[in-house]
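Below is one structure, written out as structure tokens; comments come after it.
The values are calculated or read from the model by the stated rules, or taken from the named source; none is laboratory data. Worth saying up front: this structure is predicted, and the values here are computed from it rather than measured. Please note: Cβ atoms are built from the backbone with ideal geometry, for glycine as well, and neighbour counts cover all protein chains shown.
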Amino acid sequence: MNSHLAWIGLGSNLGDRATNLLEALQYLRERARILRTSSVYETEPAYYTDQPRFLNMVAQAETELDPVELLRFLKRIERQMGRQESVRYGPRAIDLDLLLYDELVLETPELTIPHPRMTERPFVLVPLAEVSPEVRHPLLHQTIAELSAQLTVPEGTVVRIWPGFGSRLERDVQEESPEMPLPLTRVGISGLRRIVRLLDGGRDHLFYATMDLYVDLGPNQRGVHMSRFSASIEEILDVACERPAPRLEAVAEQTAQELIRSQGTQRSEVHIRAYFPVTHYAPVSGKSTQKLYTLLAMASSSRERTVTLVGVEVEGMMACPCAQDMIRSYARERLLEEGLPPEICERVLQVVPLATHNQRGVGRLVVGGVTGLRATELAAVVESSMSAEVYDLLKRPDELFVVAKAHRRPRFVEDAVREMIRNLLDRYPDLPDDAFLHARALNFETIHPHDVYAEFFGTVAEARRGGAGLGRAGTHLEQWIAWKLGYDAAL
């Protein structure tokens, strides 16, 4: 549908007048995009003067509604905000007038455009001239600025009381000094939800994402400018919607760099979790099903550099080796008690799947300082490190295969982490030594009221050395980021 420009006059002289104007703008945004708003003016009432003074302003908006639909929408907002019929030109909580609509000239019993009395009303022309001075009246063929200049406005009848609602703030509280001059490591927004657009295989895809955005805060600043966080992310995502980003970490990188600029800080950090579907096929029946993976991206910026990380989270099935070993011993005893020869007992135990308790696990693998890693390949690394995969849809032969596979590959949570690192290094033998690795696994216990957890963090060089000269897990993420950003001379 085509978009049209409309100019709408807003007025209120009952109740909380400023709040009424803001609420009307909020309702307008349901069917129109507000492009510009004028200052707010306090004005003397016209025509019927025995009533309180008005607050007036003008909004320029873009809408797909036709003129009659737009008028009816404005009237619906007035009713929704409690406007009631009273004496003509009398007091009202809200008044919304359609002043101009493109260059249209229209006269019907319901609607006249341009508004027939706008040129005699200073409370309309003054804010309208502020918003669109160059726009021409389609009947009089003069600009709004020219028409406004021709009006005689008695002193005190139209008073600009503030240039915008934001200007009512008397001071910038965030810039004040705190009572305790203590620097803070992370301050920002957590759990911001957005749709991001990424390019994959020549096609763009939409992903639902949650974001955490942080900056450091110096000891002499009381708080960060939270509104700038939202403004920064909106600017970046507006661009991403027009031109898809090649990778999620690129969105994180752009956001981290923009936070440095907008907040004037030394360091920023952005975490993004996006959910993407992959078609899986059941192992025996071949039935297709959709599985959701979690794609992770992180970026940290200083004023000179930015470092990024990318990773995945994947669910899988885990089978406990310890319980299975106990079942093996118990089964051997029972077979011997039944009179089977020891060699037959061993043969049976090698052939027949042995029971154990199962867990659903979540594996996470993150790689830093490397570009071009595909999320689906990282997900395959994590899945292959577990006892078996999980599926949303399984026929009975599929279920048998998955359970049998898991029991052939019993693994502790620690095994899964080590397998992730080994599988990753096998798949990507050319990873640079200074790249960062983080692998972790969380298993949800079935016979205990707690869960079990294991992780590894360190550089590729530390992972390749393994136990040779590395008594414990290596470089922590914070150390690695500080080193890559130049805060530390060496690891």
I need every pair where a residue in segment 420-444 that is assigned by TED's automatic domain parsing to the domain that holds G369 and under 21 Å from W480 (Cβ atoms) has its Cβ under 6 Å from the Cβ of a residue that is of a type in the set (A, V, I, L, M, F, W, C) and assigned to a loop (DSSP other than H, G, I, E, B), sequence separation at least 6 or different chains. A435/V370
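Every residue in segment 385-400 that is in contact with a strand residue (DSSP E or B) (Cβ under 7 Å, 6 or more places away or on another chain), not in a strand (DSSP E or B) and not β-branched (V, I, T), please.
S385, M386, S387, Y391, D392, L393 - these are the residues of segment 385-400 that are in contact with a strand residue (DSSP E or B) (Cβ under 7 Å, 6 or more places away or on another chain), not in a strand (DSSP E or B) and not β-branched (V, I, T).
Taking the criterion of being among the hydrophobic types (A, V, I, L, M, F, W, C), buried (at least 22 other Cβ atoms within 10 Å of the Cβ) and under 30 Å from R222 (Cβ atoms), would at least one residue in segment 266-286 satisfy it? Quick ask: steps written out before the conclusion?
Residues of segment 266-286 among the hydrophobic types (A, V, I, L, M, F, W, C): 270, 272, 274, 276, 278, 282, 284.
The next check asks that each one be buried (at least 22 other Cβ atoms within 10 Å of the Cβ); those that pass are 270, 272, 274.
So of that shortlist, the ones also under 30 Å from R222 (Cβ atoms) come out as 270, 272.
Checked against the condition, which is being among the hydrophobic types (A, V, I, L, M, F, W, C), buried (at least 22 other Cβ atoms within 10 Å of the Cβ) and under 30 Å from R222 (Cβ atoms), segment 266-286 yields at least one hit.
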Count of segment 301-353 residues which are more than 30 Å from V413 (Cα to Cα) and in contact with a strand residue (DSSP E or B) (Cβ under 8 Å, 6 or more places away or on another chain): 2
Tell me whether segment 308-324 contains one or more residues that are surrounded by fewer than 20 Cβ atoms within 10 Å (Cβ to Cβ), modelled with pLDDT under 90 and touching a Leu at 6+ places or on another chain (Cβ under 8 Å). yes
Against the condition touching a residue at least 40 places away in the same chain (Cβ under 8 Å) and assigned to a helix (DSSP H, G or I), how does E130 come out, does it pass? yes
Looking only at residues that are free of Cβ contacts under 8 Å to residues at least 40 places away in the same chain and assigned to a helix (DSSP H, G or I) in segment 84-127, which one is surrounded by the fewest Cβ atoms within 10 Å (Cβ to Cβ)? E120
So, in segment 354-377, of the ones that are out of contact with any Phe, Trp or Tyr (no Cβ under 8 Å at 6 or more places or on another chain), surrounded by fewer than 20 Cβ atoms within 10 Å (Cβ to Cβ) and small (G, A, S), which residue ends up modelled with the lowest pLDDT? G372
Is it the case that some residue within segment 354-377 is out of contact with any Lys or Arg (no Cβ under 8 Å at 6 or more places or on another chain), β-branched (V, I, T) and free of Cβ contacts under 8 Å to residues at least 60 places away in the same chain? yes
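Can you pull out the strands (runs of 3 or more DSSP E) entirely within segment 1-79 that have at least 2 residues that are over 35 Å from the mean Cα position of the chain (by Cα)? Walk me through how you get there before you give the answer.
On the way: elements: 4-12, 32-37, 40-43, 54-63.
Passing ranges, in order: 4-12, 40-43, 54-63.
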S190 being at pLDDT below 85, surrounded by fewer than 17 Cβ atoms within 10 Å (Cβ to Cβ) and under 12 Å from the mean Cα position of the chain (by Cα): no
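Suppose the filter is modelled with pLDDT under 90 and within 23 Å of E44 (Cα to Cα); does G166 pass it? Break it down into steps so the answer makes sense when it comes.
On the way: modelled with pLDDT under 90: yes; within 23 Å of E44 (Cα to Cα): no.
Here the answer is no, as G166 does not meet what is asked.
Here is a check on your reading of the model: is R332 in contact with a helix residue (DSSP H, G or I) (Cβ under 6 Å, 6 or more places away or on another chain) and over 21 Å from Q359 (Cβ atoms)?
For R332, the condition - in contact with a helix residue (DSSP H, G or I) (Cβ under 6 Å, 6 or more places away or on another chain) and over 21 Å from Q359 (Cβ atoms) - is met.
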